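Below you'll find the structure, written out as structure tokens, and then a few comments.
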Amino acid sequence: MTLFQWTFGTLCALVALRHLFRIVRGDGSRLAGIFWGLLWTGAAVTIFRPGVTGELAALFGIGRGADLVMYLGLLAGIVVTRYFYSRTRRLENLIAELVRAEAIRHSKEPVIGS
Amino acid sequence: MNLGQGAAIQTGITFALQKGALFVATFDADGQHEPRDLLRMYNRLVEEGADYALGSRFLGRTENMPWSRWLMLKAAVWFTRLMSGIWVTDTHNGIRMMTRRGAERIHITLNRMEHASEILDQIARSGYRFIEVPVTIRYSVESLAKGQKTTAAVRLAAKLFAERLAQ
């Protein structure tokens, strides 16, 4: 095993364990804990056994494991970007609604000819 | 708090509707529009039984329009035709008039200059009738300084495209 595998593999495994403990203790969202736990476990397994991604890629008919990781990363990037874009737009609209309501509440009747 | 032209127009529309307005007009405050055009728009709206009257400088007259602005506006017309499927000759003209029924269908969510395209989108989706009315636009140093820059137009197109993708 290389130094990279020992360092980063262990780090990913520790983070995965932290999420596992949080689920057991009942801290935070259970769904989020499972999601992040699985993600970090996957990262640790991939680092300790790099062949796994190749085997998985072959299952999907993709030539190399690195390509599978790249495709998944790209897909995740698109999903995350869309999610945050929608959230930002919702927040922007809520602020506009709030400011609009305040502006109308403090408005004065227009005086024709003034 | 200044949220942008789109947000301000929606505030104006909401305010006018709350006050019981039967017709709502939007109008840029930089002096580029001819106030008398509003009367012609109102007359056409009533005569033709439409719900939206949209000002068109390309059917009417422009004074001192720089060629770069002409090019940008023409590109915007084709962009809107492609994205919204609404066939108008001028997409970013601030002078408009609408009936109460028409105004009730407008809910601007894009706070800045993109609202012009959003309004056209909502007009197309409403299924209500719209007409284009020739208007006069006078470009001055002040109105050009306050108006859309070419770089801002590219950002606007990118935002509209992103908005479409996110829907």
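Restricting attention to region B:100-155, which residues are of a type in the set (A, V, I, L, M) and within 14 Å of chain A (Cβ to nearest Cβ)?
Across region B:100-155, the qualifying residues are B:I106, B:I108, B:L110.
Quick one: would you say A:A66 is within 21 Å of A:M1 (Cα to Cα), surrounded by 11 or more Cβ atoms within 10 Å (Cβ to Cβ) and touching a Phe, Trp or Tyr at 6+ places or on another chain (Cβ under 9 Å)?
Answer is no for this residue.
Starting from residues that are of a type in the set (S, T, N, Q) and in a helix (DSSP H, G or I), keep the ones in region B:1-43 and report whichever is surrounded by the fewest Cβ atoms within 10 Å (Cβ to Cβ).
B:Q18
Would you tally the residues in region A:6-30 being open to solvent by less than 60 Å² (accessible area, probe 1.4 Å) and within 19 Å of A:G73 (Cβ to Cβ)?
Total satisfying the criteria: 4.
Out of the residues in region A:83-112 that are modelled with pLDDT under 90 and either within 21 Å of the chain's Cα centre (by Cα) or more than 10 Å from every other protein chain (Cβ to nearest Cβ) (or both), state the one that is nearest to B:I9 (Cα to Cα).
The qualifying residue nearest to B:I9 (Cα to Cα) is A:K108.
Looking at region A:31-51, can you tell me whether even one residue there is of a type outside the set (S, T, Y), within 14 Å of another protein chain (Cβ to nearest Cβ) and open to solvent by 90 Å² or more (accessible area, probe 1.4 Å)?
No, region A:31-51 contains no residue that is of a type outside the set (S, T, Y), within 14 Å of another protein chain (Cβ to nearest Cβ) and open to solvent by 90 Å² or more (accessible area, probe 1.4 Å).
The values are calculated or read from the model by the stated rules, or taken from the named source; none is laboratory data. Here the structure is a predicted model, which is why all the values come from computation and not from measurement. Note: ideal-geometry Cβ built from the backbone for every residue, glycine included; neighbour counts use all protein chains shown. Side chains included, ligands, DNA and RNA excluded: accessible areas come from the protein's heavy atoms. Shrake-Rupley method; radii C 1.70, N 1.55, O 1.52, S 1.80 Å.
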